[in-house]
1. Looking at (1) closer than 30 Å to ARG26 by Cβ; (2) in contact with a strand residue (DSSP E or B) (Cβ under 6 Å, 6 or more places away or on another chain); (3) without any contact (Cβ under 8 Å) to a residue 12 or more places away in the chain, which is the only condition ASP117 fails?
2. Quick one: which helices (runs of 4 or more DSSP H) sit completely within the range 165-242 and have at least 1 residues that are buried (at least 19 other Cβ atoms within 10 Å of the Cβ), aromatic (Phe, Trp, Tyr) and touching a strand residue (DSSP E or B) at 6+ places or on another chain (Cβ under 8 Å)?
3. For the range 63-85, give me each residue that is in contact with a Lys or Arg (Cβ under 6 Å, 6 or more places away or on another chain) and either surrounded by fewer than 20 Cβ atoms within 10 Å (Cβ to Cβ) or not aliphatic (A, V, I, L, M) (or both).
4. Scanning the range 131-149 for residues that are out of contact with any Phe, Trp or Tyr (no Cβ under 7 Å at 6 or more places or on another chain) and at pLDDT below 95, which turns out farthest from ARG357 (Cα to Cα)?
5. Counting only residues that are in contact (Cβ under 8 Å) with a residue 24 or more places away in the chain and more than 22 Å from the chain's Cα centre (by Cα), which one in the range 99-114 is surrounded by the fewest Cβ atoms within 10 Å (Cβ to Cβ)?
6. Give ASP56, ASP8, ASP60 a once-over and let me know the one that is over 15 Å from ALA502 (Cα atoms), without any contact (Cβ under 8 Å) to a residue 40 or more places away in the chain, buried (at least 19 other Cβ atoms within 10 Å of the Cβ) and of a type outside the set (Ser, Thr, Tyr).
7. Can you go through VAL125, VAL94 and tell me which one is farther than 27 Å from SER429 by Cβ and hydrophobic (A, V, I, L, M, F, W, C)?
Amino acid sequence: MKLVHEFDALLGTLRPCFHQQRSFERARAMAFGQVTTYGLRTISRIIFSKNEQHKDWSADYKLFSRGEWSVPSMFFQVLKEGASHSHWDENAIVVAMDDTAIKKTGKKIAPVRTLRDPMSPPYHVNLMSAIRFIQASMIIVPDGDLELARAIPVLFNEAAPAKKPRKNAADDIKEQYKKDKKATNLSTMGHEAILTIREQVDQLPNGNQRLLFNAVDGSYCNRNYLRDLPDNIISIARTRKDIKLFHPADKRNPTGRRKIYGDRLPTPEQIRQDDTYPWQTAQIFGAGKYHTVRYKTVAPVLWQKGTGRVPKRLIIIAPLRYRKNKQSRLLYREPAYLLVPYIDIPVERLIQMYFFRWDIEVNHRDEKSLLGIGDAQVRSEKSVVSQPQFAVVVNSLLTLASIRAYGGDRTNDYLRLPNWRRDKKRRPSMLDIIAQLRREIIKEQLNLGLEAPKQNAIKTKRAFKKSRSRIENRKRGFVGNDGQMTTRQKLPIDILAAILYAYC
């Protein structure tokens with residue numbers, strides 16, 4: 001029950017985020033149900049997992065449609081716990097940011113928009129009805145081992161674009177749409193999201209002295225996102241291969257108007273192909289092994305249409321080569337072009353941080369395929385946003401609980417890997433963690449169910465006495481040393497009911 005206890009203890013830290021104790025208790029039960037339920041994670045199936053299908057179910061739905069609880073406060077608890085496992089140089093915080101979409105087909109659901117389907121083939125763009133979210137995941141390095149680094153979500157905000165009015169709409173409605181379109185732009189909302197994370201980092205111990213690194217893809221490499229960022233936010237943005245960059249102007253010009261932009265540089269693609277710019281090498285960890293990465297760097301450079309007068313550094317990463325199998329020919333991936341601030345930070349360190357950005361894609365896959373983000377059949381304006389946010393918080397807490405219980409690597413406490421898995425030593429996947437949590441609950445509840453009933457002891461007056469002492473409650477495991485509700489003796493889940501009603 002080690003993982004169960006750590007998960008329950010982390011859930012106990014969320015108690016200040018709820019206005020009422022009963023709301024927290026219901027959220028705790030829903031959190032266990034979100035993890036242990038089999039199949040689709042609809043709210044009705046989670047109710048089956050709690051074995052409360054014959055009780056009034058309205059309160060479980062009202063938890064998300066009417067409940068008063070703070071999502072930013074919950075993610076701050078995740079950030080605070082994750083910061084203790086960061087272990088980057090100079091105590092830095094590394095965050096990857098990307099957008100994702102949850103498919104919803106209801107035409108009356110407020111944030112649903114028609115978006116581009118990212119799974120569509122490149123030769124034919126498809127559309128889908130979905131809700132767009134912005135997610136930020138913190139890259140933690142348990143025990144300082146890069147091979148165990150992983151991402152945990154610390155922000156999950158709804159980011160629906162402005163709804164386009166009809167063609168025959170009034171002029172004032174069309175003008176308002178133009179303003180809303182700029183305000184709900186993905187880059188603008190991403191800029192606000194990273195500033196929110198910066199404010200939360202400042203609330204950590206010595207947080208105002210900790211740098212915040214943010215790795216983003218090309219959709220955030222623009223004026224709306226990069227301009228006006230504070231100096232303690234270091235953006236690592238992937239840029240285009242044909243971006244127009246300039247040298248800074250020569251300050252020794254004594255006469256005339258002072259110039260800002262000097263001679264134009266070749267495009268990043270041309271610099272990559274130019275042998276006059278030397279290649280350098282670095283050992284970078286990514287995708288389970290170390291790679292010898294070749295890169296070029298040019299600094300300082302100015303991007304007139306993007307960051308303006310702020311000097312930047314251009315990093316060009318050569319494509320990595322690979323083979324599909326031992327007999328196939330060598331293939332090459334696409335090169336990468338990064339735009340980072342011109343500051344005194346080793347380039348190898350920036351490249352390593354950007355290589356871990358791919359882990360946010362793993363978060364997206366696990367959230368949708370393993371934890372059922374978006375499976376809940378809710379339609380109210382508040383529920384369609386709060387329920388996925390709650391499930392993402394559960395995902396983060398479960399990952400952190402596994403690190404607290406067994407460390408960052410995949411120990412023998414987890415289920416054995418199948419024989420076809422060669423990488424025996426690795427970090428545990430989300431499926432490994434969920435299977436271990438179910439295993440502990442099954443073992444505990446089956447053992448309790450198979451034990452012989454104890455003989456009724458003679459009841460005395462002392463047996464009827466109710467202890468209200470906090471010290472006594474702490475001994476019983478209900479109150480932690482910090483005074484918060486942490487570990488409870490009875491779990492709010494029935495694993496046998498979850499199995500029996502798996503496909504109801």
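1. Status for ASP117: all satisfied but (1).
2. On the way: elements: 171-183, 186-202, 223-226.
Qualifying helices (runs of 4 or more DSSP H): 223-226.
3. At the first step, the residues of the range 63-85 found to be in contact with a Lys or Arg (Cβ under 6 Å, 6 or more places away or on another chain) are 63, 65.
SER65 - this is the single residue of the range 63-85 that is in contact with a Lys or Arg (Cβ under 6 Å, 6 or more places away or on another chain) and either surrounded by fewer than 20 Cβ atoms within 10 Å (Cβ to Cβ) or not aliphatic (A, V, I, L, M) (or both).
4. Initial filter on the range 131-149 (out of contact with any Phe, Trp or Tyr (no Cβ under 7 Å at 6 or more places or on another chain)): 131-132, 134, 136-138, 140, 142-145, 148.
Then drop every residue that is not at pLDDT below 95, which leaves 142-145, 148.
Numbers: PRO142: 17, ASP143: 20, GLY144: 18, ASP145: 17, LEU148: 14 Å.
Looking at residues that are out of contact with any Phe, Trp or Tyr (no Cβ under 7 Å at 6 or more places or on another chain) and at pLDDT below 95, I get ASP143.
5. Let us first name the residues in the range 99-114 that are in contact (Cβ under 8 Å) with a residue 24 or more places away in the chain, namely 99-106, 108-113.
Now drop any that are not more than 22 Å from the chain's Cα centre (by Cα), which leaves 105-106, 108-110, 113.
On the way: THR105: 9, GLY106: 12, LYS108: 7, ILE109: 17, ALA110: 15, ARG113: 18.
Among them, the one singled out is LYS108.
6. Working: ASP56 fails: buried (at least 19 other Cβ atoms within 10 Å of the Cβ); ASP8 fails: without any contact (Cβ under 8 Å) to a residue 40 or more places away in the chain.
When all the criteria are applied, what remains is ASP60.
7. On the way: VAL94 fails: farther than 27 Å from SER429 by Cβ.
From the options VAL125, VAL94, the qualifying one is VAL125.
For every residue, the table says whether it meets (1) within 16 Å of the chain's Cα centre (by Cα); (2) over 28 Å from ILE43 (Cα atoms).
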position: LEU339; (1), (2): no, yes
position: ALA376; (1), (2): no, no
position: GLN387; (1), (2): yes, no
position: ASP413; (1), (2): no, yes
position: LEU431; (1), (2): no, no
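The values are calculated or read from the model by the stated rules, or taken from the named source; none is laboratory data. The structure presented is a predicted model; accordingly, all values stated were derived computationally and were not measured. Here the Cβ is made from the backbone with ideal geometry for all residues, glycine too, and neighbour counts use every protein chain on show.
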